[in-house]
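These notes are about the structure you will find just below.
The values are calculated or read from the model by the stated rules, or taken from the named source; none is laboratory data. Note that the coordinates shown come from a computational prediction; the quantities given were computed from them, not determined experimentally. Cβ placement follows ideal geometry from the backbone for every residue including glycine, while neighbour counts extend to all protein chains displayed. Side chains included, ligands, DNA and RNA excluded: accessible areas come from the protein's heavy atoms. Shrake-Rupley method; radii C 1.70, N 1.55, O 1.52, S 1.80 Å.
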Amino acid sequence: MDWSPREGSSGPPAPRQPPGVNSGGGELLGSTVEIRDGLIIVALTHFLRAKIATLRSSRDPVGEILECFEDKRLEEAFGLRYEVYVCRIRGECVEARGERFVVRCRDLWEHLRPDIVGPTRFELESYVSIIPYVDPGKARTWVERLAEVDKELSKVDSEIVSKLVGLEGKASKAGEEGLCLEGLFTLGDGRPAPLPSYAFKCSERLIEIYNVKVWYDNIYVYVNGRWLGEPDSLDVLRPVIERSYAKLGLHQFNWKYTNFRREVEAVLYDKALRAEPVKAIRSCNWLVFWGDYDFEVKPYNGEFVVHDVRSCINMDMLGKALKEGLTGKELAEREAPRLVEILQSWASSNWLGPAEITGYTTIAHKYPLHKAFMLLGGGQEGKSTYLRMLKDILGSHNITSVPLQAFESLEYRFMLEGLIGKLANISADIPRKPLKNTGYFKQATGEDPMDIDRKFKPTLKGYVNYAKMIFAANHLPQTADRTHAFFRRWVIYEFPNRFQEDPGWYERNITKELRDQALTVGILAMRDVLRRGAFTGEADVRERWLEESDPIYKFIRVLERLNLAKRDPDGKADAKEFYDIYVKWAQNEGVEVVDKAMFTRQLKEYGITDVPIGGRQYYKGVRLLERVDVVKDRLVREGTEGLEAYK
């Protein structure tokens, strides 16, 4: 073939040659080549080889190679533009050759990925270094040259597959030694196989040994009769991966352990079975399944269960209760008097409520009744001790701690990821920061699909939360949501008794036997809740919540309770006098005084608006029933008593 420029065509300027290459021919990377009329394939390959050496740790080496094609240094070094980098013949660009090369790279990626998780340094070098070995004078067309490249790649693919198959005999022995692989394996020319080949085989063996499964991007392994999720599952797998890395001596090839581990884990996420777990909790050797109004207990036979609680159901207690038709309350009073005594010391007459919460958390994969719980108390009143007991019953792997305020702010949006696959959300000592947006909270407690943002992962679309919401606080936080949909979700339990600090009390009293009893009583008590459709002590919390969280609402209710004022759509009160009464009351009660503008805005939330009448400002919607001085005097003398009487 005549490679000279077409007659009458001067052609583009000759590109500058890379070091070690001249216009007549030269030795480059062990290959004798000839440069004619601006053919720069060898120069390009020289550039790519230097670039590839930096890509060993890349998760997407092909992507980075494609980016390097757009590198300005190509133009600076070789006088080329990206679109025409392959060659210039007869003074014209061979159309779209660069694009074709890119397509072939992507074909290679998709061809090898299922078996060896994408090209690495070896595969990419093999591909680009084949090009200068093909003499352009012998291959008349680019199609013929690409065909020869495909032949070489087929050889490489066959060698890799044969070496991987040859490892099967060693896997069993390696597993016995706590390894996923044993011994290096090489390709036909003696070079070590690429890092992803090891990662693929290691992950394949781990899946076989530990029956690895993936649920919501969470790796689970089966060890000693238990299913462990992250981070416990990674604590099992990573020492095996690390020992295998050391045994193989992969550091000899400048392959870092962290890169090897990430490759293995990436393949595990990709290759392990996406399994749907049994919708039950496991308690020792038993599974607890919940229906709409009852539960069923079955023996555990190795099923994939993601919720393995730490306490064991007392089957003797439970069997007796079911046989005799006892309620949860009756079972506790008859078989667990010490448990009843402790619960009463915490929650007084509503002692069965905390037991019901314990049972509620055992309902996995659904959220019936749509209730959240607020444990109220001023401090050292048993809230934290009860929550500690609940955590010990369920196990920390079944619990997350997302504060109530995290459900309303984008600032905390990644915290909601913690809800995925948990039985309970337990957050103690929540702040008094006002709640402005409760939409996510209502979704999380209402079995509504919600989109959860996750760090370094795609957003999880349509997740239905079932982690039961349990909060503890000294005071109820203010809320801008005054709707029935918000308040009907809450059950409030008061912890009224203060205890002296005793560091060893928990260990002496909350024994394993007592926790097992608490779990057993809780399950039976929750069955009773489902049958009657309400928790112990459940009531409309709107009035209490607003009164305890909003001082201005409390002020209005105290006036009404003492018959000093009443809300009347046609009534009005002088704005200055009414505000002065509020200031007097707030100072007497030790409540922070808000300015008049804020006071006016908050009154509007309760139907009391400011209106101008005859040049003066009035509050419409409220009427004083006594003179201003009498109102102030009685508020000072009877304000607290009026509040207690209201309660």
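Summed over region 620-633, the residues that are out of contact with any Ser or Thr (no Cβ under 7 Å at 6 or more places or on another chain) and surrounded by 13 or more Cβ atoms within 10 Å (Cβ to Cβ) give a count of 9.
Among the residues of this structure, Tyr293 does not count as one that is hydroxyl-bearing (Ser, Thr, Tyr) and within 30 Å of Asp232 (Cα to Cα).
Residues that are of a type in the set (Asp, Glu) and open to solvent by 30 Å² or more (accessible area, probe 1.4 Å) do not occur anywhere in region 346-363.
Farther than 22 Å from Gly395 by Cα and touching a helix residue (DSSP H, G or I) at 6+ places or on another chain (Cβ under 6 Å), is that true of Phe260? Here the answer is yes, as Phe260 does meet what is asked.
With the structure loaded, tell me whether Asn465 is part of a loop (DSSP other than H, G, I, E, B), farther than 30 Å from Asp580 by Cβ, touching a residue at least 12 places away in the same chain (Cβ under 8 Å) and open to solvent by less than 10 Å² (accessible area, probe 1.4 Å) or whether it fails that test. Yes: the conditions hold for Asn465.
I'm told Trp545 meets every condition in (1) more than 34 Å from the chain's Cα centre (by Cα); (2) more than 18 Å from Met598 (Cα to Cα); (3) open to solvent by less than 10 Å² (accessible area, probe 1.4 Å) except one. Can you identify the failing condition by its number? So the condition that Trp545 fails would be (1). Once region 567-605 is narrowed to residues that are among the polar types (S, T, N, Q) and out of contact with any strand residue (DSSP E or B) (no Cβ under 6 Å at 6 or more places or on another chain), the residue that is nearest to Leu635 (Cα to Cα) is Asn588. If you check Ser384 against the conditions, is it among the hydroxyl-bearing types (Ser, Thr, Tyr) and either open to solvent by less than 50 Å² (accessible area, probe 1.4 Å) or part of a strand (DSSP E or B) (or both)? No; evaluated as a whole, the condition is false for this residue.
Any residue that is farther than 30 Å from Leu322 by Cα and in contact with a strand residue (DSSP E or B) (Cβ under 9 Å, 6 or more places away or on another chain) - is there at least one of those in region 276-286? Yes, because at least one residue in region 276-286 is farther than 30 Å from Leu322 by Cα and in contact with a strand residue (DSSP E or B) (Cβ under 9 Å, 6 or more places away or on another chain). Filter region 226-249 down to the residues that are within 23 Å of Ser396 (Cβ to Cβ) and among the small types (Gly, Ala, Ser), then identify the one that is most open to solvent (accessible area, probe 1.4 Å). The residue in question is Gly229.
Checking each residue in region 393-409 for being surrounded by fewer than 17 Cβ atoms within 10 Å (Cβ to Cβ) and assigned to a helix (DSSP H, G or I) picks out only Ser396. Residues in region 298-320 include at least one that is free of Cβ contacts under 8 Å to residues at least 40 places away in the same chain, touching a Leu at 6+ places or on another chain (Cβ under 6 Å), on the phi < 0 side of the Ramachandran plot and aromatic (Phe, Trp, Tyr). State all residues of region 587-606 that are at pLDDT below 90, surrounded by fewer than 12 Cβ atoms within 10 Å (Cβ to Cβ) and closer than 15 Å to Gln478 by Cα; if no residue qualifies, say none. Glu592, the sole residue that qualifies.
Within region 271-289, restricting attention to residues that are in contact (Cβ under 8 Å) with a residue 40 or more places away in the chain and open to solvent by 30 Å² or more (accessible area, probe 1.4 Å), the residue that is farthest from Arg531 (Cα to Cα) is Lys271. Would you say Met526 is in contact with a strand residue (DSSP E or B) (Cβ under 7 Å, 6 or more places away or on another chain) and either basic (Lys, Arg) or not in a loop (DSSP other than H, G, I, E, B) (or both)? Considered against the rule, which asks whether it is in contact with a strand residue (DSSP E or B) (Cβ under 7 Å, 6 or more places away or on another chain) and either basic (Lys, Arg) or not in a loop (DSSP other than H, G, I, E, B) (or both), Met526 comes out as no. Checking each residue in region 203-262 for being modelled with pLDDT under 90, at negative phi and small (Gly, Ala, Ser) picks out Ser203, Gly229, Ser244, Ala246. Has region 447-464 got any residue that is more than 12 Å from the chain's Cα centre (by Cα) and closer than 19 Å to Met374 by Cα? For region 447-464, residues more than 12 Å from the chain's Cα centre (by Cα) and closer than 19 Å to Met374 by Cα: absent.
All of (1) out of contact with any Lys or Arg (no Cβ under 8 Å at 6 or more places or on another chain); (2) over 25 Å from Phe487 (Cβ atoms) hold for Asp550 with one exception: (2).
Residues in region 573-610 that are of a type outside the set (Gly, Ala, Ser), farther than 19 Å from Asp629 by Cβ and not in a helix (DSSP H, G or I): Val591, Glu592, Val593, Val594, Asp595, Glu605, Tyr606, Ile608, Thr609, Asp610. May I ask you to verify whether Thr511 is without any contact (Cβ under 8 Å) to a residue 12 or more places away in the chain, open to solvent by 20 Å² or more (accessible area, probe 1.4 Å) and under 31 Å from the mean Cα position of the chain (by Cα)? No; evaluated as a whole, the condition is false for this residue.
Does region 431-451 hold any residues that are touching a Pro at 6+ places or on another chain (Cβ under 8 Å) and open to solvent by less than 10 Å² (accessible area, probe 1.4 Å), and which are they?
Correct list: Leu435 only.
Please pick out the residue among Glu330, Glu265, Glu324 that is under 29 Å from Ser384 (Cα atoms) and among the acidic types (Asp, Glu). Checking each option against the conditions leaves just Glu330.
Restricting region 198-225 to residues that are of a type outside the set (S, T, N, Q), assigned to a strand (DSSP E or B) and open to solvent by less than 50 Å² (accessible area, probe 1.4 Å) leaves a set whose member that is farthest from Glu265 (Cα to Cα) is Val223.
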